[in-house]
Structure formats: structure tokens, C-alpha cells
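**Q** Can you keep this structure in mind? I'll have questions shortly.
What follows is calculated from the coordinates using simple rules that are stated; it is not laboratory data. Model, not experiment: these values are computed from the prediction. Cβ atoms come from the backbone with ideal geometry, glycine included; neighbour counts cover every protein chain shown.
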Amino acid sequence: MSIATGVAIIYLSIRKSEITGFVFMGGSLIKFALFFMLFYGNFSADHDARKAEFISFYIPYALSLIIEVWYLIRHLNKSN
């Protein structure tokens, strides 16, 4: 999902740069919704957040979020 959001942000920053922020926010909403629907039940089932569970989801999510924000900041500063 992060890759799809990133590709959509890059594509729309070229075509319609005025909506890239909305795409970023919508992509974040979808990623959170998918996390709570698909993964949160399994992560909280044993009431013990293991290190492997943390690494398997939050590290890739944080990396993709940092890259998306970095690209948006660079793109928005370039347009000013």
C-alpha cells in the first residue's frame, strides 16, 4: 500500500500538483484503516507487543512515511 501511495503521489505531483497533499492524507487514512482491519487484531490478540511484530509493521511504515514526507516537502518547496 505504501508503494501504491508513493507512486500516486509522484504521478499526481507531475499531473495535478494541487492535490498531492490530499493524496498523501488519503493514502495515510487507507494505510491506517487497513492496519486496523487486517493486522491490529493479530498484534493485540496475545496482549504482548513483541519486537518482531513491531519491526514487521512499524519500521516499514515509518520508512515509507519518511520518504513520502521528504518527497512532498521537496516538491512543494520546488513549486514555490
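**Q** Add +1 for every Lys or Arg and -1 for every Asp or Glu among the other residues with Cβ under 15 Å from the Cβ of Ile67, and state the total.
**A** Values: positive: Lys31, Arg74; negative: Glu68.
Net of charged neighbours comes to +1.
**Q** If I model a spin label as a point 7 Å beyond the Cα along the Cα-Cβ vector, how far apart are those points for Ile19 and Phe39 in nm?
**A** Placing both labels 7 Å beyond Cα along the Cβ direction yields 2.8 nm.
**Q** Taking Cα atoms, how many degrees apart are the long axis of helix 20-34 and the longest axis of the chain, rounded to 10 and kept between 0 and 90?
**A** 10
**Q** For the chain, find the longest principal axis of its Cα atoms and tell me its angle to the long axis of helix 2-15, 0 to 90°, nearest 10.
**A** In the chain, helix 2-15 runs at an angle near 10 degrees to the longest axis.
**Q** Could you compute how fast the chain diffuses translationally, taking Rh as the Kirkwood radius over C-alpha pairs and applying Stokes-Einstein at 37 °C with viscosity 0.692 mPa s? Give it in µm² per second.
**A** On the way: Rh = 13.8 Å.
Rounded to a whole number, D works out at 237 µm²/s.
**Q** Percent relative contact order of the chain, based on C-alpha pairs within less than 8 angstrom and at least six residues apart? Before the final figure, lay out each step's value.
**A** Working: 25 pairs, mean separation 30.2, N = 80.
Relative CO of the chain lands at 38 percent.
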